[in-house]
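Structure, as structure tokens:
The values are calculated or read from the model by the stated rules, or taken from the named source; none is laboratory data. Keep in mind it's a predicted model, so treat the numbers as computed, not measured. Counting neighbours? That spans all protein chains shown, and the Cβs are built from the backbone with ideal geometry, glycine included.
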Amino acid sequence: MTNRSVFIVSDGTGITAGILGHSLLSQFPDATSEPITLPFIDSDDKAKDAIRQINDAAEKDGATPIVFSTFVENEFTDQIRESHALVLDLFGSFLDLLSTELAMEPSHKVGYGHGVVDADLYTSRIRAVHYSMDCDDGLNTNDYRRADVILVGVSRIGKTPVSMYLAMHSGLFCANYPLTGDELQNEHFPVVLQSHTSQIIGLTIDPVRLHDIRQERRPGSFYADLKQCRFEVESAEGLFRRFGIPFFSTTGVSIEEIATAILQRTGIRRNLLA
């Protein structure tokens, strides 16, 4: 099967079209190639250039490209439809229906989905990101009193990316702390965590997967040894169970799924900005 070229075309960032396009294409992993994003198409010249790129891909591939578009102005959507592609208009499919149901006209303002519409919410999210950076990997434990969530788990398990995702997308003050082999041998939470158990969410992983990850970082080391990985994972899970700490596996699970599971488990809702 010939792979189809995929384009994300928008008069804004293309983030919305990219997310939905990725979700749809994930159902057809062998049929398409990595999407090409063409953002900020807000003039006739830019639209013509986008059409040229799409048509060039159609000729090169010998197959019809797939275009996911989000335009607030129909004129640009109509222009992109002149290309030799299957154009999926992700805004037009819903705006007219919503307009009819709400008895209102849409604003037709570009960038509302990702722009700084509410300065206070935006500032709060930036503060959350700074907090998560400052409290990454066991730093600034004296500031854990401000944490909404403290992610705890062994090294190289994905604590940092999940923390940053929760900060950027949900405005959560999210710290993370690595459990070391020495700490796990004591079968107690480190002293700095003992007064924060209500804020702790545990993360775990399949030991073989952890071994593979650590091998890439420190091949052949005691740190990456499969026996050591098994000990650390089993000990961490034992701690979580002993102290009633909810925990989630990161094995084969996306950052978004882990973050969503944490939000669902904690019930925390702050500034949900995508």
Any hit, segment 47-63, residues being surrounded by 15 or more Cβ atoms within 10 Å (Cβ to Cβ), of a type outside the set (A, V, I, L, M, F, W, C) and at pLDDT below 95: no
Complete set of residues in segment 152-178 that are touching a Cys at 6+ places or on another chain (Cβ under 7 Å), free of Cβ contacts under 8 Å to residues at least 60 places away in the same chain and aliphatic (A, V, I, L, M): A167, A175
Residue among R209, R156 that alone is among the basic types (K, R) and touching a Lys or Arg at 6+ places or on another chain (Cβ under 7 Å): R156
Any hit, segment 179-193, residues being touching a residue at least 12 places away in the same chain (Cβ under 8 Å) and out of contact with any helix residue (DSSP H, G or I) (no Cβ under 9 Å at 6 or more places or on another chain): no
Checklist (1) under 22 Å from P106 (Cα atoms); (2) modelled with pLDDT of 95 or more applied to T16, failing item: (2)
Residue match in segment 192-211 (condition: at pLDDT 95 or above, under 20 Å from the mean Cα position of the chain (by Cα) and of a type outside the set (A, V, I, L, M)): yes
Test: N186 is at pLDDT below 95 and at negative phi: yes
Residue check for S33: among the small types (G, A, S) and loosely packed, with under 14 Cβ neighbours inside 10 Å: no
Of all residues in segment 82-133 being at pLDDT 90 or above, hydrophobic (A, V, I, L, M, F, W, C) and not assigned by TED's automatic domain parsing to the domain that holds M168, the one that is surrounded by the fewest Cβ atoms within 10 Å (Cβ to Cβ): L86
Test for E257: is it acidic (D, E) and farther than 30 Å from R127 by Cα: no
